[in-house]
Structure formats: C-alpha cells, structure tokens
Amino acid sequence: MHGRIVMDIVQIARARSRHPDVVSVRRGRRASHKNSFIADQRGAVAFETMIVYIFLVASLLMPLADVAAAGFQFISGWAALRGFGQYIQYKNPLDPSGNVSWSGLQTSVGSYTIGNIQVMCGSTACSSGNVTSIPKYFTFTTTVTLAPIVLRPVLCPSTCTYTLAYSERFQ
C-alpha cells in the first residue's frame, strides 16, 4: 500500500506541473534535451545577469569612477596649493624693503607644479611704493589634468587641463 501512495503522489505532482512532458533524470529515464532546454529556463538567468552586469558597469560604474577620479585630482590639487601656502608662510619672499626674492623656494608640491607666484599688497603686486598696503597675500596656481574614460565630453568640453588658483593671506 505504501508504494501505491508514493506512486499516486508522483503522478499527481506530475499532472499539476507546468511542464508535465519534461522528464526528470531522477526518475530513472533520460531527459529529452529539446523539451527540457525549452521548458526549463534556468540558464536564461545566467545569460541575463551578464547583460545586466555589462549595462551597469558601462552606464553607472564607469561614469561614477570618472567623477570620483576627477574629484580626487581636484582635491589633491587643492591640497598641494594649501600645502604650498603654508610653506611660503614660513619662507616669506617679501623683504622689508618691498623686494620679492624667490631664491631657494621650492616650486612643486608632490606631482603638482606651482606657478604664477605673486606677492600682493592690496590689489596689486608688491613693490617698494605699496609695501605698506594691507592686506598682504600670496597668489599662485597649479594645473590639474583629468583622464576620464566615459565622461570625456562632460568633464572635458574643450580641454582636460584645469588651472586652480589659490591665495593665502599673511598680513
């Protein structure tokens, strides 16, 4: 009687199945390849996953990586400018007579070259005539070059080199 109940359960389950013509290998018979691959769509998920993965990488992750890399470049450039500003606070090139002496002054911080260094007295460059003007501050610049992979038209409309200007007040 026990064997009859098990057989009836298998027949009922097979009759209720969406694909009763697909034969399972477990039941001792060979599965029909034609019918089993058409009826059983488990391999389609793996294929769709690859398509979704490629789409996500191309449309979301690579542009996000471009923006992150550009952000890191700008942050590094600003940090170099700020570090140079702190450096020239202690290596002040302005002597009391108003002359500017840049001898022995480093002009790079890390991989960033600092250029266009000026000592400003008021709104013009310092000279012996305006050395008493206040405020006194340094101005200087550096350049940041971006290398985007996907967002080149967005991040680099004309050129991928940007100039960052900075000023540091010292009096």
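Counting the residues of the range 126-168 that are small (Gly, Ala, Ser) and either without any contact (Cβ under 8 Å) to a residue 12 or more places away in the chain or within 15 Å of Ser76 (Cβ to Cβ) (or both) gives 2. For first residues located in the range 60-84 and of a type in the set (D, E, K, R), partners that are part of a helix (DSSP H, G or I) and lie 6+ apart or on another chain with Cβ distances below 9 Å form the pairs Asp66/Arg152; Asp66/Val154; Asp66/Leu155. Within the range 89-103, one or more residues are surrounded by 11 or more Cβ atoms within 10 Å (Cβ to Cβ), at pLDDT below 90 and of a type in the set (A, V, I, L, M). Scanning the range 115-171 for residues that are polar (S, T, N, Q) and under 35 Å from the mean Cα position of the chain (by Cα) returns Asn116, Gln118, Thr139, Thr141, Thr142, Thr143, Thr145, Ser158, Thr159, Thr161, Thr163, Ser167.
The values are calculated or read from the model by the stated rules, or taken from the named source; none is laboratory data. Because the structure is a prediction, the values reported are computed rather than measured. Neighbour counts are summed over all protein chains in view; Cβ atoms, including those assigned to glycine, are modelled from backbone coordinates with ideal geometry.
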